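Following: one structure in structure tokens, then a few remarks.
The values are calculated or read from the model by the stated rules, or taken from the named source; none is laboratory data. Every value quoted in this text rests on a predicted model; they were computed, and no experiment measured them. So basically every Cβ, Gly included, is an ideal-geometry build from the backbone, and we count neighbours across all protein chains shown. Just so you know, the surface numbers come from the protein's heavy atoms only, side chains and all, with ligands and any DNA or RNA stripped out. Shrake-Rupley method; radii C 1.70, N 1.55, O 1.52, S 1.80 Å.
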Amino acid sequence: MPDRRLLGVVFCDRAGVPRHPVARGRAGSGASALAAGFGRALSRSRHNVAAGHGFSADPAPPYRPDLRRTPGYPSLLAGAFLMPNGGLRLASLSASSPARASVAATCWTAARLFGRSAALVGGLLLAVDLTGISYSVVITDRGAVHAVARRAASSSLMKRPSGSAVGIRGGVLLGCATLCRPAGILLAPVSLPVCAWQQTGARRIARDYLRVNAAFLLVLLIWIGRNVIVAGTPTLSSIWSVNL
């Protein structure tokens, strides 16, 4: 495992990235990003969920169910506004914290695969990546939440000896990542190498892989079932060409 003190430095470096000029420029536009395009629809979805109107992007009644977007990230933001003393600041923290957590998850995974030095180099590169920094302070970006759920799933699936809980937890996390960004629709099917890592026996590998995909599919079917109920359409998103 990487030295915990150095890992803390990597984590804190990402935590302090809003000091960077690029991040400051994006941070200044973060709140205003909610007023246009995708940000406006995301804001309405968040507000409607928090107000009990369901997952809808409509600005006024009848609050038609939204089939275009998946509910993961708007629900997270809605929770930030519903909490005591919640609001835009807490929502921004909810958006940026996963970006910082993903650095720690990257270090942990790289340490298991390639050793301490690779973990520290990978963590530092991710911590100072300007693209990641600039998006980590814009609350309309779902990428950080998607990434940390994906990395958390990989970390869980690498636990040895594995068991039923490991595969199920990994599949649920991959499902949550896909409900943040539908582009993750193939995450579980391509998880076989992670399930097979330092694993003994083809049967155990197959069982873990099937558990991952079963849990993953169950999470997605819950959302697809909702879309069938509200619109009669068995789809994850009605704008596949955009989301994928």
Fill in the blank from the handout: Residue-normalised value, i.e. accessible area per residue, for region 143-244 at 1.4 Å probe, in Å², stands at 49
Practice task
Report in % the part of the accessible area of region 169-217 that belongs to carbon and sulfur, leaving out ligands and nucleic acids; probe 1.4 Å.
Solution key: 68
Exercise for the section: Please list His47, His146 in order of solvent-accessible area, largest first, computed with a 1.4 Å probe with all protein chains present. Expected result: His47, His146
Handout entry: Along principal axes, Cα extents of region 175-242, largest first, whole Å
Key = 46, 23, 14
Problem - Accessible area (Å², 1.4 Å probe, nearest 10) - Tyr73 - result: 0
Practice task
Mind giving me the FRET efficiency for Asn85 and Arg226? R0 is 30 Å, r the Cβ-Cβ distance, nearest 0.05 is fine.
Solution key: 0.45
Fill in the blank from the handout: Of the convex hull enclosing the alpha-carbon atoms of region 86-215, the direction-averaged projected area in nm² is 8.4
Problem - Leading residue at positive end of dipole, region 69-217 (Cβ point charges), from Ala91, Gly123, Val172 - result: Val172
